[in-house]
Structure formats: C-alpha cells, structure tokens
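Coordinate-derived values only; no laboratory data. Quantities reported herein were computed from a predicted structural model and do not represent experimental measurements. A quick note on method: Cβ atoms are made from the backbone with ideal geometry, for glycine too, and the neighbour counts reach across all protein chains shown.
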Amino acid sequence: MMSIREHGRTPVWGCVLIGGKSSRMGTPKHLLETAGRTWIERTVAVLRGRVEQVVIAGAGALPAALAEMIRVDDVPGLAGPLAGILAAFRAFPDVSWLVVACDLPDMGEEALQWLLDCRQPGVVAVMPDLAGNGRVEPLLAYYDQSCRPLLEAMAASNQRRINQLRSAPGVATPRPPEHLRPSWRNVNTPRDLGTADSSIGRGSAEAKQKPAVDEVLATILRRDPEQREFHQAVGELLATIRPVLDRHPEYRRHAVVERLVEPERMIMFRVPWMDDQGAIHVNRGYRVEMNSAIGPYKGGLRFHPSVNLSIIKFLAFEQVFKNSLTTLAMGGAKGGADFDPKGRSDAEIMRFCQAFMAELFRHIGEDTDVPAGDIGVGAREIGYLFGMYKKLQNKFTGVLTGKGLAWGGSLIRPEATGYGVVYFTAAMLAHRGETLAGKRCLVSGSGNVAQFVAEKIVQMGGTVLSLSDSSGHIYDEEGIDASKLEFIKTLKNIHRGRIGEYSERYPHALYVAANPTLGWNPLWRYPADCALPAATQNELNLADAQHLAAAGVRLVCEGANMPSTPEAIAFFRDQGILFGPAKAANAGGVAVSGLEMAQDAMRISWSREEVEGRLRAIMHTIHRTCLEAAAAYGLEGDYLAGANIAGFVKVADAMLDQGLV
C-alpha cells in the first residue's frame, strides 16, 4: 500500500470541517464525546494515521489537546462546506485534501485509504456514491489540488452545494465496499445519537469493554499501515461477522477478534543460495503461523517475486477459516519466499529449496505445522523440500503434503483445488435448480488450479472459453476440450511456455496480450454464464465485475485466493450475481491435504475413487454449511457471509474452550 508520504504528486493533508451550526443537535457536534474523547479529537487522530498534517476549517472552540492545531477561517461570504474546503485550498494552494466532516463517528482509516486508492490520472475529486443512485457524499471525500478552479468557479457563480461538483469532468463517484460504508454515517440529531450503535459509545457496557470491530481494524491499520492485502482480508471478514458478535457477547468479552487478527507466530529469515554460474543470491523467507485452535498449522508455500509479509499474512488469515470449513482438524498458516523460479534450472531450484528448508525445518512438524504447495511450489519443489527435511531431521514423516505418490502422497491432490472449485460451483447451481452442463465458463490462470478447474468443467458438460497467464489470455469460442487442455498442460507444466502459444497451435483461437495500462482485463468481457477467476489475488476489479454482468455472467466462483477486489464483490452481491468466495470454494486443495495427512498417519493409501468421493462430500458439506450459517443470521443465500460466519464461529469457540493462550 502506498502511503501519502511516498506519493509522488502533491502532498495530501487532512481538512476537518467544524463550521456547521449544529442547530438540529443543539450543541457543537465536534465537541460531543465518546469514551472521554471528543469527536474532533478522534477525527484528527484517524486522519493522522494517513496524512502528515491536519488542518481544521471553521470557527468554534477546540479541546485543549488540539489548541496548537493549524486553523483556517471559512471564506467570507460563503456558507456550508464549500466555505471551509475553499479556505483550505486558498491557505495551502500546493496541497490536495482528504476532507472530513466532524460528525462521522464511525469514520476509519481504511475508508481514507480507499479514497486515496481511487485516485487516477485526470481525477480531480473522489466523491463516493454509497447507494449507486447518483447521490454523492462530499464530506468524506478526496479533492485533488487540480480541483481548486472548479471550486472557485462554484463560489463565483454562487453555487453553494458542494455535491453539484459530481457532474464536473474528472470527478470520480465510485461506490465504496459494503464493509466501509458505515464510515459515511453522520449524526445530526439527538435521536441519531441515541440510536447509534456501540461504536460511538452508546452501546451496552459489555460492548464498551472491548473495541468495536472498526476499532480493531483501525488498530491493524495503525500497526501495519503498508499491509494492504492483509487489511483487505480482515476487513472482509469483520464486515460479515458483526451479527455474530452482537449475538455472542462472550467473543468480545474474551477479545477473540483481537487475538484472531494477530498471528501466533511470524518467522522471517534469509535464504542464501548459489546459481549455476556461482553467483550468490539472498532472498527472504516467511512462515506465518496464524492460528492453531482447531489443529496443527496447515497452509501452502508460495515462491513468487511479489511475496511479502502482507501477502503471506492475508493468505494465512484466509487459511484459518478455509481450514475450519473443511470439517478437518487443521489450523491456518502460510509461507513462502520472494524467489522467482521462472527461468531457473532444476539444480538452482533444488539449491534454493534446500536453503529454504535449512531454516524452516526448525519450525514445522507433522503435529506442529504441515506446509504444502502454492504458486511456484509444485511437485518438484515439494520433493526437494521434503528431501532436505528428511536429511536434517533423520526421519520420514508426513511433514509436507503434495508429495509424490511413491513416497507418501495422495491421489487427487494435484487436482483437488480445481476440482473442488467446480464441485462448489455445481452445488451453487444445483441449489438454483440448474446444472453445469451447457454452461459457458470464463476461467483465468493456467497453473495447477486453472488447469483442473477447466478439466472438471469439461467432465461435467460445461464449456471452457478462456485461460490466461501474465503475458495475456486466450479465448476459444469453440471451447477448450480435453485434447486442447492436454496441450496446455504440456505447454505449462513441461515446456514452461506462454499461453500465447495456444493460438499458434489452434489458429482459430484469439490471443490478447496483457495491457496493464487498461485498468481492467479484457478476458472478462466475453459473453458467458459463469466466471471462475483462478490466477491470483485482486485480479478482478469493479470494472471487470461490471463487464461480467454486461456479458451475461450470473455466477462467479473464486478459484484463486481473494481474486476479487472488495468493490467487485460488493457489485456482485448488489446485482444478485451468485458469488462463491475463495475460502469456501477453493478449500478442496487443503481438504485433500488433510486426507493425505490422515493416510500418512495410518501408513495407507486410498484409491482415487475414495479420495475423490471424500473431496466431493467435503465440498458439498461446505456448501451446505455456508447456506445454513447465512440463514441462521438472516442472510439467506449469502455465501460470503455464510463462509465467514461458519469458519469464524468454529475457531472462536475452540479459542474460548482453550483459555487465554
């Protein structure tokens, strides 16, 4: 996440507006208190988590703690928010502004960061449209330095309503993710204040004893401001478990959420290794052991240059609840390194894996932490890692899953994640009285998950239209059948080729090179019934979601981990598009890893039919569990809420049973 301090354009400051009359409240709203702190103090504190400087615009008394704040008077002759915003621009003409009203008691740092993330070249202001109905919110918004001429023109023409700016060129009006929308809730009257929830200090005494959900998230943002992926994962969960916390005050009393979002253990280490030319390289390795309340840590290892602590923490956090949904006794963890295996020889990859395991072996074990593969870590890498572990520990145990069949692996493990995604998709359709047969499906990615998503779709009578890699995507209107898929497997798994070679073999297919400057992926614009993003996190944004809806897609099921942005997810839910979240839909991989652990412990090997039958049953159970959990809280049919609630409750209850550890 890019902080404001690092932003290459004009500096961004915060402006708090306190110039309103507060006539309906009967007392200055900025001096109302929550837990012994005025609202203006809280607003300034939240802004300071995202900006270097905060300015207060408007007249009015301030608490002693803010006596030294920079202040500007409203522009004479103007009234309303425009008077304060324009005063800030005139006083500091080289600054862009995050403008915040003083009567937003639920405003959080994540909402501020979302506004900043909405900036694009040519955007002069970001004024959120909460309901998607054209009504914008100008008092928790971003105003770029380039917006000043528009504001001056409004003042000169006596246009006082700042929301009239919404129709001006360059003004963006995006819709915030659902979990952020409470930040825009304002309080105008004593009745508003009396009916406000516990997050502004009017809830039960029990709720006041522990921070509200928003405060937990604010703490994470302050503590680790650069961990954007982790913030996103935590925010999505917290937004959907509010009704659970309201029904079960014991979770707040025992600080379950606060403990869940903090890893039990984080390990970072250097990985020195030598390439084939004798040059020495140093990479960074990670293992985040997030939670072990329901079993030993379990989760994959990812080797990719994008790997950092934020990505590993988000993956470990998601893994906790994914593993909880499988019905198996597994806690959550994730690990990896910022090593890029592309273009490396087998010998180089072996040396890297051995160097990585030379440190990791101290922290894992069959009853402690059982890693598996992920992006960049397949059967080859698991073999090298396991061999080094065996040598260092002098014992043969099931400490890794995804092993070769000849030395403790399980049938169906390579296929498990992709097959599981399709079984979950089929269950979602079946719940609507439909089948996968005849459905036209867009699939992204071309790695392990995408390959077996495509394979199972074909086996179940659907048509796969697309696959992709970082170089671009292919679109085959005739469908990617079993023989074409075998070509892709050989291309990607053996020759390590690029997806564009498919169109050379099958000239009727369309190949489109990746264009990161677009801001959206053309793959999601083709007419289809279902979309299964199976490449990487945050690959599908709001523009992509809108394109999918326009193309007729009525079901989205996630194969990758967190491939949809919060804005895309909010759009799917608002539009009534069936949405299968990754923590439920792609749990098949870790489920069969758990089955591999069971086979290792018993020194037996189940047949392909038995393992696949168990996988199918687990995915159907996860589907049913999501629906039942959602319905229990009045959220019928909401798979995202159901997955989060069911996964959370199982882990939370285990934590309560085991005491404060």
Practice problem: Name the long-range amide H neighbours of residue 291: under 5 Å, sequence gap of 5 or more, or other chain; modelled H, no Pro or chain starts. | Solution: 264, 332
Quiz item: Taking H as built 1.01 Å from N, whose amide H comes closer than 5 Å to the amide H of residue 15, not counting residues under 5 places away?
Solution: 55, 98, 99, 100
Quiz prompt | Share of alpha-carbon pairs per 5 Å distance bin for segment 535-661, given as whole % | solution = 2, 10, 16, 17, 17, 16, 11, 7, 3, 1, 0
Quiz item: Along each of its three principal axes, how wide is the spread of alpha-carbon positions in the chain, in whole angstrom units, largest first?
Solution: 81, 60, 60
Practice problem: Can you bin segment 117-190 into rounded, prolate or oblate? Criterion: square roots of the alpha carbon gyration tensor eigenvalues sorted a ≥ b ≥ c, rounded for a/c under 1.5, prolate for a/b above b/c, oblate for the rest. | Solution: oblate
Quiz item: For segment 417-589, treating each Cα as an identical point scatterer without solvent, what Debye log10 I(q)/I(0) comes out at q = 0.10, 0.17 1/Å?
Solution: -0.32, -0.98
Quiz prompt | Stretchable slack from residue 159 to residue 34, in nm (0.36 nm times residue separation minus alpha-carbon distance) | solution = 41.5 nm
Exercise. Alpha carbons only, please: Rg and Dmax for segment 318-414, in angstrom.
Key: 13.5, 39
Practice problem: Select from segment 357-405 those chymotrypsin sites (Phe, Trp or Tyr not before Pro) which occupy a DSSP coil region and have at most 14 other Cβ atoms within 10 Å, ordered by residue number. | Solution: 396
Practice problem: Please work out the Cα center distance from segment 335-398 to segment 569-583, rounded to the nearest Å. | Solution: 36
Quiz prompt | Placed amide H near residue 300: partners under 5 Å, 5+ positions off or other chain | solution = 335, 372
Quiz item: Taking the alpha carbon gyration tensor of segment 409-477, what are the square roots of 5 times its eigenvalues, largest first, to the nearest whole Å?
Solution: 20, 18, 9
Practice problem: At 7 Å along the Cα-to-beta-carbon direction for both residue 167 and residue 10, put a label point, then send me their distance in nm to one decimal. | Solution: 2.5
Quiz item: Is it possible to state the helix-based mean residue ellipticity at 222 nm for the chain, with each DSSP H run of 4+ residues giving -39500 (n - 2.57), the sum divided by total residues, to the nearest 500 deg cm²/dmol? What is it?
Solution: -12000 deg cm²/dmol
Quiz prompt | At R0 = 51 Å, FRET efficiency that the Cβ-Cβ distance of residue 406 and residue 505 yields, to 0.05 | solution = 0.95
Quiz item: Mind listing the phi-derived Karplus ³J(HN,Hα) values for segment 65-71, rounded to whole Hz, using 6.51, -1.76 and 1.60 with θ = phi - 60°, and x for any glycine or proline?
Solution: 5, 10, 4, 8, 5, 5, 10
Quiz prompt | Cut-off 14 Å (backbone N to label point 7 Å along Cα→Cβ of residue 617), residues of segment 300-336 | solution = 327-328
Practice problem: Please report, in cubic angstrom per residue, the volume enclosed by the convex hull of the alpha-carbon atoms of segment 28-112. | Solution: 102
Quiz prompt | Between helix 608-632 and the chain: long-axis angle, C-alpha atoms, 0 to 90°, nearest 10 | solution = 20
Exercise. Arrange the following residues from fewest to most other Cβ atoms within 10 Å of their Cβ: 391, 583, 484, 29.
Key: 391, 484, 29, 583
Practice problem: Per residue of segment 511-519, in order, report the coupling 6.51 cos²θ - 1.76 cosθ + 1.60 (Karplus, θ = phi - 60°) as ³J(HN,Hα) in whole Hz, putting x for Gly and Pro. | Solution: 10, 10, 5, 5, 9, x, 6, 5, x
Self-check item: Kirkwood hydrodynamic radius over Cα pairs of segment 207-259, then Stokes diffusion coefficient at 20 °C and 1.002 mPa s, in µm²/s
Solution: 187
Quiz item: List the trypsin sites (Lys or Arg not before Pro) in segment 255-332 that DSSP assigns to loop (not H, G, I, E or B) and whose Cβ has at most 10 other Cβ atoms within 10 Å. Which are they?
Solution: none
Quiz prompt | FRET efficiency estimate (nearest 0.05) - Cβ-Cβ, residue 396 to residue 61, R0 60 angstrom | solution = 0.25
Quiz item: How far apart, in nm, are two points set 7 Å out from the Cα along the Cα-to-Cβ line at residue 359 and at residue 248?
Solution: 3.7
Quiz item: Taking Cα centroids, how far is segment 456-518 from segment 267-298 in Å?
Solution: 32
Practice problem: Could you work out the mean projected area of the convex hull around the alpha carbons of segment 4-197, in square nanometres to one decimal? | Solution: 10.8
